[in-house]
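These notes concern the structure reproduced below.
The values are calculated or read from the model by the stated rules, or taken from the named source; none is laboratory data. What you see is a predicted model, and the numbers here were worked out from it, not measured in a lab. All Cβ positions, glycine included, derive from the backbone under ideal geometry; neighbour counts span all protein chains shown.
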Amino acid sequence: MSFYHCHSDPECFVFYARIVARRPGAVCLDKSYFYPGGGGQLPDRGVLRWVDGETAVTHIEQAEGRLWHCVETDIPSDDVIGVIDEQFRSLMCQLHTSLHVLNAIVYQHFDGALVTGVQMSADGTARIDFDLPRADNQQLRDIEPELNGVILADLPVRALYVPAAEAEREAGLVRSRSVAPPRQENDMVRIIEIEGLDRQACGGTHLARTSQSMPVRILKIENKGQRNRRIRIGLVDDAI
C-alpha cells in the first residue's frame, strides 16, 4: 500500500495540487488527501476545482502505485484545489471506528473469532461478518450496551506502524481470516489502537476518540451459512 496523505494529515480537507498525468475521465495528482477506499470502507467524496470551474470526483482507482481521481468532466487546468466532503469522511470514520470496537468485543467474548467480511454504506449502516459457528444470536445482540459504553468512554484512537514480521507474530493483530494486513512501501503495517481496548491492522480512516461517534444500534443478526454470522449496525442520532 502506498503512502496516504489522509493518514498523516487526517484533518486536511482542502489542498492545492498539480495534475501530473491524465487519461480519459481521470487525473493523477502530485499529492492527494482523498482516501481511495478499501477494507470495506467507501472512498472519499469531493470535487476538484480550478479558476473558473469544478468537477466531482466520482471514485478513485489505484493502479501501478498511483491514485487516479475519476471525474465527471475534463479539467482544462493543471493546477487544482481538492475539496473533500468532510461530512462523508466523518460518517465513514464513525462507522469504521465503531466496527473496530465491535470487533474487539466479539474477539474477546467469543474465543478470538475472526472477521470474514466488512462493508460500510453511505446511509450510516455497516455490516461485519464473523466466523462464529456456535454463537447464539441473542448473545451477539446483547453486545450493544457494551459497544455504546466504549463509545461514551472517550477512548483515544491512534495509528502506529510496526514491521510486518512483528505484526504477523503478535496474536490478534490480524483479525481477518482471508485478507492480509495492508503494508506500507517500507514493509511496515499500520495499526489502529484504541487505548486500553484493542490493536489491529487497518488501512482505513478513523476518529481521534471513540466519543466522536454517534451511538450505535445493532440492527440485525443474520446466519450466512453454517459458520458465518453477520452483524448489521447503524449510527443513531441521539438528538432524535
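Of Val157, Val150, all but one fail to be out of contact with any strand residue (DSSP E or B) (no Cβ under 7 Å at 6 or more places or on another chain) and either charged (D, E, K, R) or in contact (Cβ under 8 Å) with a residue 40 or more places away in the chain (or both); the exception is Val150.
Among the criteria (1) assigned to a helix (DSSP H, G or I); (2) surrounded by fewer than 19 Cβ atoms within 10 Å (Cβ to Cβ); (3) in contact (Cβ under 8 Å) with a residue 24 or more places away in the chain, the one Cys93 does not fulfil is (2).
For segment 121-146, the candidate set comprises residues that are over 23 Å from Ser211 (Cβ atoms) and in a strand (DSSP E or B); within that set, the residue that is farthest from the chain's Cα centre (by Cα) is Asp131. Of all residues in segment 124-146, those that are more than 13 Å from Leu219 (Cα to Cα) and touching a helix residue (DSSP H, G or I) at 6+ places or on another chain (Cβ under 7 Å) total 2. Residues of segment 21-55 being at positive phi and in a loop (DSSP other than H, G, I, E, B), which ones? Across segment 21-55, the qualifying residues are Gly25, Gly37, Gly39, Gly40.
Yes/no per residue for (1) in contact with a Gly (Cβ under 9 Å, 6 or more places away or on another chain); (2) free of Cβ contacts under 8 Å to residues at least 24 places away in the same chain; (3) in a loop (DSSP other than H, G, I, E, B):
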{"position": "Ile19", "(1), (2), (3)": "no, no, no"}
{"position": "Glu61", "(1), (2), (3)": "no, no, no"}
{"position": "Asp74", "(1), (2), (3)": "yes, yes, yes"}
{"position": "Leu99", "(1), (2), (3)": "yes, no, no"}
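Among the conditions (1) of a type in the set (Gly, Ala, Ser); (2) modelled with pLDDT of 90 or more; (3) under 20 Å from the mean Cα position of the chain (by Cα), the only one that Gly196 does not satisfy is (3).
Checked against the criterion of being within 20 Å of the chain's Cα centre (by Cα) and without any contact (Cβ under 8 Å) to a residue 60 or more places away in the chain, segment 51-58 has at least one qualifying residue. Taken together, Gly82, Gly40 contain a single residue that is crowded, with 19+ Cβ neighbours inside 10 Å and at pLDDT below 95, which is Gly40. Among the conditions (1) in contact with a helix residue (DSSP H, G or I) (Cβ under 8 Å, 6 or more places away or on another chain); (2) assigned to a helix (DSSP H, G or I), Gln108 misses just one, which is (1). The residues in segment 147-159 that are farther than 15 Å from Ser211 by Cβ and assigned to a helix (DSSP H, G or I) can be counted, and the count is 0. In segment 147-177, the qualifying residues are those that are over 15 Å from Gly112 (Cα atoms) and of a type in the set (Gly, Ala, Ser), and the one that is farthest from the chain's Cα centre (by Cα) is Ala165.
If you filter segment 183-225 down to residues that are hydrophobic (A, V, I, L, M, F, W, C) and part of a loop (DSSP other than H, G, I, E, B), you find that the one that is farthest from Asp136 (Cα to Cα) is Ala208.
Only one of the numbered conditions (1) under 16 Å from Arg232 (Cα atoms); (2) surrounded by fewer than 22 Cβ atoms within 10 Å (Cβ to Cβ); (3) of a type in the set (Gly, Ala, Ser) is violated by Ser98, and that is (2).
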